[in-house]
Amino acid sequence: MTSFSQGDVILTEIAFSGEPGRKRRPAVVVSIDDFNRAGTKLIVAAVTSNVSPPFRRGDVLLADWQKDGLVKPSAVRGVLASIDKKDIVRPMGHLTENDFAKVEASLADLLGLKIA
């Protein structure tokens, strides 16, 4: 089984909210590597190509979206999910250090966490 690291961009099957069915969507792994290696789940943040304002608190426009492995301008949403590794279709890339730092700070703010 492929291993996944914090900051990896993946294409995964996500269940529809409140109704049956699934869709393929990009996401970024936000859980720490120890968690990712220990079991069958990953914690991910949603990625969207809808980059038109207004943005919601927790949304981060990716400056390096092409380097990150995405095919069009994208943003990470402040929407988290726990997914099964078996639902991952394929890896797409990895967020640059700059983009991941913005995502990390935004999620910490959204969740009310203090980061050093």
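Would you pick out the residues in segment 64-116 that are basic (Lys, Arg) and not in a strand (DSSP E or B)? 67, 72, 85, 86, 102, 114, listed by residue number. One residue stands out among those in segment 53-63 that are assigned to a loop (DSSP other than H, G, I, E, B) and of a type in the set (A, V, I, L, M): the one that is farthest from residue 109 (Cα to Cα), which is 63.
Considering only segment 15-35, how many residues are assigned to a loop (DSSP other than H, G, I, E, B) and hydrophobic (A, V, I, L, M, F, W, C)? Count: 3.
The set of residues in segment 34-65 being loosely packed, with under 14 Cβ neighbours inside 10 Å and closer than 14 Å to residue 95 by Cβ consists of 63 alone. Pairs are defined by a Cβ separation below 7 Å, a sequence spacing of at least 6 or placement on different chains, a first member in segment 89-116 that is within 25 Å of residue 24 (Cβ to Cβ) and touching a residue at least 12 places away in the same chain (Cβ under 8 Å), and a second member that is assigned to a helix (DSSP H, G or I) and of a type outside the set (Lys, Arg); the pairs so defined are 95/103. Looking for whichever is under 10 Å from the mean Cα position of the chain (by Cα), hydrophobic (A, V, I, L, M, F, W, C) and surrounded by fewer than 19 Cβ atoms within 10 Å (Cβ to Cβ) here; the options are 105, 81. Which one fits? That would be 81, the only listed residue that is under 10 Å from the mean Cα position of the chain (by Cα), hydrophobic (A, V, I, L, M, F, W, C) and surrounded by fewer than 19 Cβ atoms within 10 Å (Cβ to Cβ). One residue stands out among those in segment 1-23 that are in contact with an Asp or Glu (Cβ under 6 Å, 6 or more places away or on another chain) and among the charged types (D, E, K, R): the one that is farthest from residue 100 (Cα to Cα), which is 22.
Bear in mind these aren't lab numbers, they're just calculated from the coordinates by the rules spelled out. Remember, it's a predicted structure, so these values are computed and weren't measured experimentally. No Cβ is skipped: glycine too gets one built from the backbone with ideal geometry, and neighbour counts run over all protein chains shown.
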